[in-house]
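These notes are about the structure you will find just below.
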Amino acid sequence: MTREVKASLPKSVYPKASLAAAALTLGRRARVGLASDGKRWRVEVAAEGRGDAAALLGELLNEALSHALRQTALKESRALVAAVVGRLLAKGFPAAPADPLEQLEPQVRLDRAEETSALIERARRAA
């Protein structure tokens, strides 16, 4: 088993935020070091306990690529998500049973109605 491994990764493929998120998934199984070297990242993975550093590096890189792909997909679909959510909110929600707290304190109902209107307006502006 390898205790420590180093790798050089292109910044164009592995964003810093994705490497950081991936490092968190390793938890206490490894220590991860990250440094910049021009257009590349220098990554060090040191296994804690009985872990294999090479396997942990592979897991780190897989998680980093997955994170980068998810972020790209979110960025590209943001407008679509906003449009769909905006339409759903515009249609309103089915009536819910009366809340006993609203019956005891009418101000609670007024505050909730105001908050809901503000959220709907915010969603419409985002769409």
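Read-outs throughout are calculated quantities, based only on the coordinates presented, and are distinct from any laboratory measurement. Only a predicted model underlies this, so the values are computations on that prediction, with no experimental measurement involved. For neighbour counting, all protein chains shown are included, and Cβ atoms are generated from backbone atoms with ideal geometry for every residue, glycine included.
Quick rundown of the values:
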read-out: Projected-area mean, the range 4-77, by convex hull of Cα positions, square nanometres; value: 4.5
read-out: Amide H within-cut-off set for residue 30, under 5 Å, with H built and near neighbours excluded; value: 48
read-out: Neighbourhood net charge (13 Å Cβ-Cβ; Lys/Arg +1, Asp/Glu -1) for residue 26; value: -2
read-out: Calculated percent of Cα pairs over 21 Å apart (choose from (1) 33; (2) 60; (3) 71), label; value: (2)
read-out: At most 10 other Cβ within 10 Å, DSSP loop - trypsin sites (Lys or Arg not before Pro), the range 41-86; value: 50
read-out: Mean residue ellipticity (222 nm) of the chain, computed from DSSP H runs ≥ 4 via -39,500 (n - 2.57), nearest 500; value: -20500 deg cm²/dmol
read-out: Reachable lysines, given that their alpha-carbon falls under 22 Å from the alpha-carbon of residue 39 and they are not under 8 places away in the same chain; value: 6, 11, 16
read-out: Dipole of the chain, positive end: most advanced residue of 119, 7, 62 [Cβ charges, Cα centre]; value: 7
read-out: Those GluC sites (Glu not before Pro) in the range 1-87 that DSSP places in a loop and that have at most 15 other beta carbons within 10 Å; value: 48
read-out: Percent RCO, i.e. relative contact order, over the chain, from Cα pairs under 8 Å lying at least 6 residues apart; value: 25
